[in-house]
1. Just to be sure I understand, how many residues within the range A:37-94 are assigned to a strand (DSSP E or B) and surrounded by fewer than 24 Cβ atoms within 10 Å (Cβ to Cβ)?
2. Would you confirm whether or not the range A:191-199 contains a residue that is of a type in the set (V, I, T), away from chain B (no Cβ under 14 Å), surrounded by fewer than 22 Cβ atoms within 10 Å (Cβ to Cβ) and under 20 Å from A:L292 (Cα atoms)?
3. Here is a list: A:T258, A:T267. Which entry is within 18 Å of A:L129 (Cα to Cα), surrounded by fewer than 18 Cβ atoms within 10 Å (Cβ to Cβ) and away from chain B (no Cβ under 14 Å)?
4. Hey, does the range A:146-158 have a residue that's farther than 19 Å from A:I262 by Cα, in contact with a strand residue (DSSP E or B) (Cβ under 9 Å, 6 or more places away or on another chain), in a strand (DSSP E or B) and modelled with pLDDT under 95?
5. Name the residues in the range B:48-69 that are free of Cβ contacts under 8 Å to residues at least 12 places away in the same chain and not acidic (D, E), would you?
6. If you go through the range B:14-47, how many residues are under 16 Å from B:T3 (Cα atoms), touching a residue at least 24 places away in the same chain (Cβ under 8 Å) and facing chain A (nearest Cβ under 8 Å)?
7. Checking the condition assigned to a loop (DSSP other than H, G, I, E, B), on the phi < 0 side of the Ramachandran plot, within 17 Å of the chain's Cα centre (by Cα) and of a type in the set (G, A, S), which residue from A:A263, A:A220, A:A316 passes?
8. Can you name the number of the only condition in (1) closer than 30 Å to A:V156 by Cβ; (2) assigned to a loop (DSSP other than H, G, I, E, B); (3) in contact with a Gly (Cβ under 9 Å, 6 or more places away or on another chain) that A:G286 fails?
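The values are calculated or read from the model by the stated rules, or taken from the named source; none is laboratory data. Since we're looking at a predicted model, the values are computed, not measured. All Cβ positions, even for glycine, are placed from backbone atoms using ideal geometry, and neighbour counts span all protein chains on display.
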Amino acid sequence: MFKRFALWPVVAGIAFGVVAPLLVVFGNPGNMGVCAACFLRDISGALGFHSAAVVQYIRPEIIGLIVGAFISSLFLGDFRPRAGSSPLARFFLGIFAMIGALVFLGCPWRMWLRLSAGDFSAIAGIAGLVVGILIGVFFLKKGFSLGRNRPTSKAVGYLMPLLAVVLFGLLLWGMNGENTPIKFSLKGPGSMHASVLISLIAGLFLGAIFQKSRFCMIAAVRDTVLLKETHILQGVLALIVTAFVVNLALGLFHPGFTGQPIAHNDTLWNFLGMALSGIALTLAGGCPGRQLILSGEGDTDAGVLVMGLIVGAGIAHNFGLASSPAGITANAPVAVFVGLAFCILLGIMAKEKRV
Amino acid sequence: MKTIDVRGLSCPAPVLEVKNVIDSGAKEIKVISDCGASTENIQRFAQNAGFTIAMKKLDDDTTEFILTK
């Protein structure tokens, strides 16, 4: 099964396993050194798309991930502006992937970070993610496709990296200006962050290495099941082991099911939240982090999915769907079931003829 | 020789198409692909399936693989 050693994914896993816990030491929220879902949610809040006052901050890690992937793809000849593979369907997949992630409280990256810091409530999420991916793989085998993209102009491909730069400008404006429309949390997870420079450098570094390695939490499981190919899975295993060792060394490893930072121990909804994310992201072709990287490489459909994630965060908080350490909300089950129904119907109905 | 065009398909569709053709028993396959992750995936998958790969760059964005067993 592990026929060939997957150098770059393992390098990416080790890099992530070292950098993420370090960012917690530098000030990021507990078990949340880097989280694509949580951090996009914070950005959504900072821009006023939701008004949950405790989760508002323009996370430089996200900016760095996109720009790092952009620069790396330019150097490696991987920058290819492309568009047109069912963007609206991807937008909705992004919305539901975010809702599922916020019911669980984390993207697949953070799921592994939570586990490696001893948060055993993540195990239900892992099971949910795997089941979600298996359902997605079932649809892929049946011929599910969102259709082909086409090359588009360079200017269009630059839009996401440009948006990242604009976000950085807004971050500086929010930090230094008076009475700006940018909202920053004064308490709660949104107020906890490493310094801008450290966060940005970490994001740039990870963005470049994830671009080179194609690191993806969905592909890790999907390719193992679908293709008997453990290339990316090796990277995820490296991440889990490295993050565990680093958390242990830094004194951040606290085993248990309860009292974990920014997490709840509702097994059923941890499972179903991640299952929803798992299906949505398998249909979309990659985890939220991977979508950020792709959007930096010129894949504007991935950029549309990222927009869906940001809007999904707004919906999740405005409609009271996002969980808190106290548990899930009253409205969350309905949203999760609507999301599952959407993904399953799309999985059945969206097809392209195969050879 | 069987020819498949996987340009513009997002992962894992390109490698899945190649797998389907390999599973159907084809010994000679021409794959037209654009660069990026799918190109690497196709090469890796074909190698693992015991194919030899001849690669030709058609232009900046298009690569042609001839897979033979």
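1. 1
2. The answer is yes, given that some residue of the range A:191-199 is of a type in the set (V, I, T), away from chain B (no Cβ under 14 Å), surrounded by fewer than 22 Cβ atoms within 10 Å (Cβ to Cβ) and under 20 Å from A:L292 (Cα atoms).
3. None of the other options fit; the residue is A:T267.
4. yes
5. Once the filter is applied, which keeps residues that are free of Cβ contacts under 8 Å to residues at least 12 places away in the same chain and not acidic (D, E), the range B:48-69 yields B:N48, B:K56, B:K57.
6. 3
7. Every option except A:A263 fails the conditions.
8. For A:G286, the failing item is (3).
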